[in-house]
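Student: Have a look at the structure that comes next, please.
The values are calculated or read from the model by the stated rules, or taken from the named source; none is laboratory data. Owing to the predicted nature of the structure, the values given are computational and were not obtained by experimental measurement. Quick reminder, even Gly has a Cβ in these numbers, built from the backbone with ideal geometry, and neighbours come from all protein chains shown.
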Amino acid sequence: MRRGELYRVKRPSSRDPKKFRVFVIVSRQILIDSRFSTVICAPVYTTYKGLSTQVAIGIDEGLKHDSSIHCDELISLPKYMLTDYVGNLPSEKLNLLERALKIALQLNDE
């Protein structure tokens, strides 16, 4: 399990209308490798509104359609739910994800 990997999760919450939702792992690697039972993830939606907190992804990352990662909706998921591997983000998309996370969390580069 690595930062930037995408997994399809069955019924991640009772409020999600979808049967399955794809998530990308955004936790730092040291947390992923630790004994903690959860990791922080960002959901993937088929909608893309061009917000600075969204990262466009699609077929190149293992998805069936053009979609986007929504960094304003981070969620902690149990590691055991992340079993259906979809793909991973290339380094360019990981850089965009990092930028979007900084904007979503209002973190400065200082």
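Student: Can you tell me which residue within region 34-52, out of those that are under 15 Å from D72 (Cα atoms) and of a type outside the set (S, T, Y), is modelled with the lowest pLDDT?
Tutor: So the residue we want is G50.
Student: Based on this model, can you work out whether V86 counts as touching a helix residue (DSSP H, G or I) at 6+ places or on another chain (Cβ under 9 Å) and either in a strand (DSSP E or B) or crowded, with 19+ Cβ neighbours inside 10 Å (or both)? Walk me through how you get there before you give the answer.
Tutor: Working: touching a helix residue (DSSP H, G or I) at 6+ places or on another chain (Cβ under 9 Å): yes; either in a strand (DSSP E or B) or crowded, with 19+ Cβ neighbours inside 10 Å (or both): yes.
Yes: the conditions hold for V86.
Student: Of L107, L77, L97, L51, which residue is touching a residue at least 40 places away in the same chain (Cβ under 8 Å) and either part of a loop (DSSP other than H, G, I, E, B) or over 20 Å from R11 (Cα atoms) (or both)?
Tutor: Values: L107 fails: touching a residue at least 40 places away in the same chain (Cβ under 8 Å); L77 fails: either part of a loop (DSSP other than H, G, I, E, B) or over 20 Å from R11 (Cα atoms) (or both); L51 fails: touching a residue at least 40 places away in the same chain (Cβ under 8 Å).
L97 is the lone residue from the list that is touching a residue at least 40 places away in the same chain (Cβ under 8 Å) and either part of a loop (DSSP other than H, G, I, E, B) or over 20 Å from R11 (Cα atoms) (or both).
Student: Just for region 56-71: of the residues that are in contact (Cβ under 8 Å) with a residue 12 or more places away in the chain and surrounded by fewer than 16 Cβ atoms within 10 Å (Cβ to Cβ), which one is farthest from D16 (Cα to Cα)? It would help to see each step written out before you state the result.
Tutor: Initially, region 56-71 is screened for residues in contact (Cβ under 8 Å) with a residue 12 or more places away in the chain, giving 56-57, 60-63, 65-71.
If we keep only those that are surrounded by fewer than 16 Cβ atoms within 10 Å (Cβ to Cβ) too, we end up with 56, 60, 65-66.
Working: A56: 21, D60: 25, H65: 19, D66: 20 Å.
Per the stated criteria, the residue is D60.
Student: Sticking with this one: Within region 2-31, which residues are over 14 Å from D84 (Cα atoms) and either assigned to a strand (DSSP E or B) or without any contact (Cβ under 8 Å) to a residue 40 or more places away in the chain (or both)?
Tutor: S14, R15, D16, P17, K18, S27, R28, Q29, I30, L31
Student: Can you name the residue in region 37-48 that is over 16 Å from R8 (Cβ atoms) and in contact (Cβ under 8 Å) with a residue 24 or more places away in the chain and is also surrounded by the most Cβ atoms within 10 Å (Cβ to Cβ) among such residues? Don't jump to the end; show me each part of the working.
Tutor: Initial filter on region 37-48 (over 16 Å from R8 (Cβ atoms)): 37-38, 40, 47-48.
Of the ones still in play, those that are also in contact (Cβ under 8 Å) with a residue 24 or more places away in the chain are 37-38, 40.
On the way: S37: 10, T38: 15, I40: 17.
Applying the filter and picking the extreme gives I40.
Student: Additional query: Looking only at region 14-24, decide whether some residue is over 13 Å from the mean Cα position of the chain (by Cα), under 27 Å from Q106 (Cα atoms) and among the acidic types (D, E). Give the derivation first.
Tutor: So in region 14-24, the residues over 13 Å from the mean Cα position of the chain (by Cα) come out as 14-20.
From what's left, under 27 Å from Q106 (Cα atoms): 15-16.
Narrowing further to those that are among the acidic types (D, E): 16.
Checking region 14-24: at least one residue is over 13 Å from the mean Cα position of the chain (by Cα), under 27 Å from Q106 (Cα atoms) and among the acidic types (D, E).
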